[in-house]
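The block underneath contains the structure these notes are about, expressed in structure tokens.
The values are calculated or read from the model by the stated rules, or taken from the named source; none is laboratory data. Everything quoted here is computed from the prediction, not taken from an experiment. Using ideal geometry, Cβ is built from the backbone for each residue, glycine included, and neighbour counts are taken over all protein chains shown. To get the accessible areas, we keep the full protein, side chains included, count just its heavy atoms, and leave off ligands, DNA and RNA. Shrake-Rupley method; radii C 1.70, N 1.55, O 1.52, S 1.80 Å.
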Amino acid sequence: MSGKTMKSDKKGRAGLRWLSVIVLLAAFICALWVNFGLRLPVEAGDRTVGILVDYDELVRISNGSLDVSFQDMARKLSIAGATGLVVRERLLVEWEIAGDIVWYTGNDLRFQLGLANKVADFERASNVEIIQNYTYIMTEDELVFDQIFSLLYAKRRHPAVFEFNGKMGIMVNLHSSERATLGLGFPIAHLEQAAAEGLSIIPRLRNWEPVSRSNLDEVMRWVSKIPDLSAIGFNEPTTPGDPTDPHIIEAIADSIAPLGVPLVSFEFYDQQGLASVASHLDNYLLRVHAIAENELHRFADIQDALNRYTLAARERNIRFIYVRFQNLINPAAAMIPATELIEEVHDAILESGLFIGDPVPLPAFSIPLFALLMLGAGTIAAGGWLAALGLGRYFTCTKSQVLFLALLLLGMSAYVAGLLFFPSLARKVFALAGAIVFPSLGVVLVLNFEIAQASGIRRIIVAILQLGVMSAFTLVGAMIMSALLSEPVFMVKLDRFVGVTVSYLAPLAAVPFVLWLREEDCYGLLTGTAKSSVRFWQLGVSLIMLAGLALYVMRSGNDNPNAVMDIEMQMRQFLGDTLGVRPRTTEFLIGHPIMLVLLYFGYKFRMFPVLLIGVMGQVSLMNTYAHIHTPVAVSLRRSFHGMWLGVVIGIIFVLVLECALRQVRKLNASRKT
């Protein structure tokens, strides 16, 4: 190639780089506007948290305590700091335990009446026949009767009415499973007492079949009679009816809309159909956090429970803390601890900088199309730049320009088509692409840039600056990725970033692959490695790396707490208490320090196993911003603490290794002499 051609080639490649930089800069500006102009003010205004208690637990404590009524218990917890009450739709057995009804199967009723020779009297007086498999419900409470009868009728159980000995009765053909699962209204009288003591009410509806608009309207008519109704939720793993039927989903949403209250979702309890219902209600929803009943035994220490509650409220957009009580085997003894627990939760939430009250859902906002297009273009430009770094030496400048522009055009065409026909999917795919491309690009760019050798303090400073530049590229990508998903539907986790495992693993493959392509004799390097014999220590290191990789993948996301050791949990809590927001372990303790060591001593391709560990820090930094339900200000603080702590620990690693190498050199020198 002539000197003139080489000069033209360099200019052309520089032009491609500048084009990428310009597109990335424009995308980054859009990302800053979305994250800090649209999203941050919404999150900053969302600071109110409610404290919920369970209706059945209040009933159990009050029933087991002398001279303490349900209303007394509601008053005590309201004064302690509770703001709301969660109540499940009542079952027949629950109405009976409360003393509001009695019910019998046909066999039981015939047996009871037969003891007094009153079977004929009953059938004559009530004008109904005692049928073996039917259910017979009797009550003196007109409101309870009206509620149960109308809901049985609406849910197509074909009830019949009768009277006997001054009691109102309902005869209905219910299967034994339905008696244990079919919801039949709410204890309105008790809920009025709770509302009088300042507790808002959140009902949870049970499932039934078949679901229709008419019976949904009847269910919601009774829900509307609940005093101080503040939200509505569902009790089962799915919404009523078939959660995949769009007509049923639309009917549920239409029946809820006139109530004017938000839905609630329970964290770690995914309910099929809920997101679809919420989408018809403009994602008008609040998130609830609770410690599951089967987990309560792990929180015998109140402080552990408080830490979990405050973390959920502060860092995951949780706006209701649903407090469950322990040791209800002895209800009378549980009253004082329950009250004290509510006081502790109340104080802990206030100390974390939040407010106690009745929360409201996030206001609706959407990202303009021009911003989405620019964010997508930035992701494509970064991908093209990364591809050019790996493949550029195999193409002439003209071919590189054509390849880059073709990739940009093809990517944008696919993205625009996706936004038109599958907008949510298109954004999630490009967010995943950004999560892979940007950490890889930052690492490759820094390692590709040759810096004159330095020594001493200057050498450490240069390594820190290189790590800073690398992380800055990752952070640019993180802002673009999070901006693509920064709307309420993602912020309340009705929809979410997809491909977490892929985003963790792909950069670990992409970085060494691109760096290998840039080696002068990449094919010879590969064949030489393949032909070389494997030593035992290499096999051992490989197995250790595989085990570490498996643990790395297991720890991705928030769904596998068992992968976190107790000592790490204690360290996390200490860092959270000390710094306000805990940094991610993968960043400050592993990724950033190892990358700093690698940059200090200088990268060589044979060191790629060490490089992979360092890349994990950049991947973790990127993944921090994939948790859209975490406020962006919290994520920035987390990244900042992860960076400076990682640098400090990395410097310690460097000093220890320098001392060790110095001792090795002295030992070798003494052996030679």
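Look through region 70-84, keep the residues that are open to solvent by 70 Å² or more (accessible area, probe 1.4 Å) and touching a residue at least 24 places away in the same chain (Cβ under 8 Å), and return whichever of them is nearest to A231 (Cα to Cα). Across region 70-84, the extreme among qualifying residues is R75.
Of all residues in region 432-477, those satisfying the criterion of being open to solvent by 30 Å² or more (accessible area, probe 1.4 Å), not in a helix (DSSP H, G or I) and not acidic (D, E) are F449, I451, A452, Q453, S455. Among the residues of region 101-119, how many are open to solvent by 60 Å² or more (accessible area, probe 1.4 Å) and either charged (D, E, K, R) or in contact (Cβ under 8 Å) with a residue 12 or more places away in the chain (or both)? Counting residues in region 101-119 that are open to solvent by 60 Å² or more (accessible area, probe 1.4 Å) and either charged (D, E, K, R) or in contact (Cβ under 8 Å) with a residue 12 or more places away in the chain (or both) gives 5. For region 595-616, the candidate set comprises residues that are over 35 Å from the mean Cα position of the chain (by Cα) and of a type in the set (F, W, Y); within that set, the residue that is surrounded by the fewest Cβ atoms within 10 Å (Cβ to Cβ) is F605.
Working only within region 280-301, note down all residues that are more than 16 Å from I202 (Cβ to Cβ) and touching a residue at least 40 places away in the same chain (Cβ under 8 Å). If the condition is that a residue be more than 16 Å from I202 (Cβ to Cβ) and touching a residue at least 40 places away in the same chain (Cβ under 8 Å), then D282, N283 are the ones that fit. Kindly indicate whether S200 is over 15 Å from R90 (Cβ atoms), open to solvent by less than 10 Å² (accessible area, probe 1.4 Å) and among the hydroxyl-bearing types (S, T, Y). Spelling it out, S200 is indeed over 15 Å from R90 (Cβ atoms), open to solvent by less than 10 Å² (accessible area, probe 1.4 Å) and among the hydroxyl-bearing types (S, T, Y). Pull up region 275-314, narrow it to residues that are within 30 Å of I256 (Cα to Cα), open to solvent by 10 Å² or more (accessible area, probe 1.4 Å) and assigned to a helix (DSSP H, G or I), then point me to the one that is modelled with the lowest pLDDT. Across region 275-314, the extreme among qualifying residues is E293. The condition of being of a type in the set (A, V, I, L, M), closer than 16 Å to L508 by Cα and either touching a Phe, Trp or Tyr at 6+ places or on another chain (Cβ under 8 Å) or touching a residue at least 12 places away in the same chain (Cβ under 8 Å) (or both) holds for only one of L645, L657, L621, that being L621.
Collect the residues in region 181-197 that are open to solvent by 20 Å² or more (accessible area, probe 1.4 Å), among the hydrophobic types (A, V, I, L, M, F, W, C) and farther than 13 Å from L229 by Cβ, keeping them in residue-number order. Across region 181-197, the qualifying residues are A189, A196.
Checking the structure you have, find out if any residue of region 245-252 is buried (at least 21 other Cβ atoms within 10 Å of the Cβ), closer than 26 Å to V323 by Cβ and either within 20 Å of the chain's Cα centre (by Cα) or hydrophobic (A, V, I, L, M, F, W, C) (or both).
From region 245-252, those buried (at least 21 other Cβ atoms within 10 Å of the Cβ) are 248-249, 251-252; that's our starting set.
Next, only the ones that are closer than 26 Å to V323 by Cβ stay: none.
Checked region 245-252: no residue is buried (at least 21 other Cβ atoms within 10 Å of the Cβ), closer than 26 Å to V323 by Cβ and either within 20 Å of the chain's Cα centre (by Cα) or hydrophobic (A, V, I, L, M, F, W, C) (or both).
Would you check if A125 is modelled with pLDDT under 90, touching a strand residue (DSSP E or B) at 6+ places or on another chain (Cβ under 7 Å) and over 23 Å from D228 (Cα atoms)?
Values: modelled with pLDDT under 90: yes; touching a strand residue (DSSP E or B) at 6+ places or on another chain (Cβ under 7 Å): yes; over 23 Å from D228 (Cα atoms): yes.
So A125 fits the description; yes.
Scanning region 14-51 for residues that are in contact with a helix residue (DSSP H, G or I) (Cβ under 6 Å, 6 or more places away or on another chain), modelled with pLDDT under 90 and not hydroxyl-bearing (S, T, Y) yields a count of 1.
Just the residues that are part of a loop (DSSP other than H, G, I, E, B) and more than 12 Å from A626 (Cβ to Cβ), please, taken from region 478-492.
In the first step, residues of region 478-492 are kept if they are part of a loop (DSSP other than H, G, I, E, B); the result is 485-487, 492.
If the condition is that a residue be part of a loop (DSSP other than H, G, I, E, B) and more than 12 Å from A626 (Cβ to Cβ), then E487, V492 are the ones that fit.
For region 203-225, the set of residues classified as under 12 Å from F186 (Cα atoms), open to solvent by 10 Å² or more (accessible area, probe 1.4 Å) and either among the β-branched types (V, I, T) or in contact with a Lys or Arg (Cβ under 9 Å, 6 or more places away or on another chain) (or both) consists of R204, R206, listed by residue number.
State whether one or more residues within region 648-660 are out of contact with any Cys (no Cβ under 9 Å at 6 or more places or on another chain), under 26 Å from F497 (Cβ atoms) and open to solvent by 30 Å² or more (accessible area, probe 1.4 Å). Checking region 648-660: not a single residue is out of contact with any Cys (no Cβ under 9 Å at 6 or more places or on another chain), under 26 Å from F497 (Cβ atoms) and open to solvent by 30 Å² or more (accessible area, probe 1.4 Å). Return a yes/no flag: does region 497-516 have any residue that is touching a His at 6+ places or on another chain (Cβ under 7 Å) and within 24 Å of L372 (Cβ to Cβ). Scanning region 497-516, I find no residue that is touching a His at 6+ places or on another chain (Cβ under 7 Å) and within 24 Å of L372 (Cβ to Cβ), so the answer is no. When V87 is tested against the conditions (1) over 30 Å from I367 (Cα atoms); (2) open to solvent by 20 Å² or more (accessible area, probe 1.4 Å); (3) touching a residue at least 12 places away in the same chain (Cβ under 8 Å); (4) among the β-branched types (V, I, T), the lone failure is (2).
Is it the case that A98 is touching a residue at least 24 places away in the same chain (Cβ under 8 Å) and open to solvent by 50 Å² or more (accessible area, probe 1.4 Å)?
Working: touching a residue at least 24 places away in the same chain (Cβ under 8 Å): yes; open to solvent by 50 Å² or more (accessible area, probe 1.4 Å): yes.
Against the criterion (touching a residue at least 24 places away in the same chain (Cβ under 8 Å) and open to solvent by 50 Å² or more (accessible area, probe 1.4 Å)), A98 qualifies.
Of all the helices (runs of 4 or more DSSP H) wholly in region 586-673, which have at least 2 residues that are among the hydroxyl-bearing types (S, T, Y)?
Numbers: elements: 592-601, 608-624, 632-672.
The qualifying helices (runs of 4 or more DSSP H) are 608-624, 632-672.
Look at R75 and say whether it is among the basic types (K, R) and modelled with pLDDT under 95.
Numbers: among the basic types (K, R): yes; modelled with pLDDT under 95: no.
No.
So if I check each of E568, E587, which one is at pLDDT 80 or above and acidic (D, E)?
Working: E568 fails: at pLDDT 80 or above.
It is E587.
Residue by residue, here is whether (1) in contact (Cβ under 8 Å) with a residue 24 or more places away in the chain; (2) open to solvent by 10 Å² or more (accessible area, probe 1.4 Å); (3) in contact with a helix residue (DSSP H, G or I) (Cβ under 7 Å, 6 or more places away or on another chain); (4) under 15 Å from V288 (Cβ atoms) holds:
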| position | (1), (2), (3), (4) |
| --- | --- |
| F320 | yes, no, no, yes |
| Q326 | yes, yes, yes, no |
| P331 | yes, yes, yes, no |
| P337 | no, yes, no, no |
| E343 | yes, yes, yes, no |
| L350 | no, yes, no, no |
| G353 | yes, yes, no, no |
| V360 | yes, yes, no, yes |
| P368 | no, yes, no, no |
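Within region 53-69, residues that are closer than 12 Å to N330 by Cβ sit with their Cβ atoms under 7 Å from residues that are small (G, A, S) and open to solvent by 40 Å² or more (accessible area, probe 1.4 Å), at 6+ positions apart or across chains, in these pairs: G64/A332; S65/A332. List pairs: first residue in region 474-502 and more than 20 Å from E43 (Cα to Cα) and among the aliphatic types (A, V, I, L, M), second residue modelled with pLDDT under 90 and open to solvent by 10 Å² or more (accessible area, probe 1.4 Å) anywhere in the structure, Cβ distance under 7 angstrom, at least six positions apart or on different chains. Once the first residue is more than 20 Å from E43 (Cα to Cα) and among the aliphatic types (A, V, I, L, M) and sits in region 474-502, its partners that are modelled with pLDDT under 90 and open to solvent by 10 Å² or more (accessible area, probe 1.4 Å) give V500/S556; V500/G557. The condition (being at pLDDT 90 or above, open to solvent by less than 50 Å² (accessible area, probe 1.4 Å), within 22 Å of L40 (Cβ to Cβ) and over 21 Å from the mean Cα position of the chain (by Cα)) is satisfied by just one residue among H627, H641, H592: H641. Within region 240-268, the set of residues being free of Cβ contacts under 8 Å to residues at least 24 places away in the same chain and within 20 Å of F186 (Cα to Cα) comprises G260 only.
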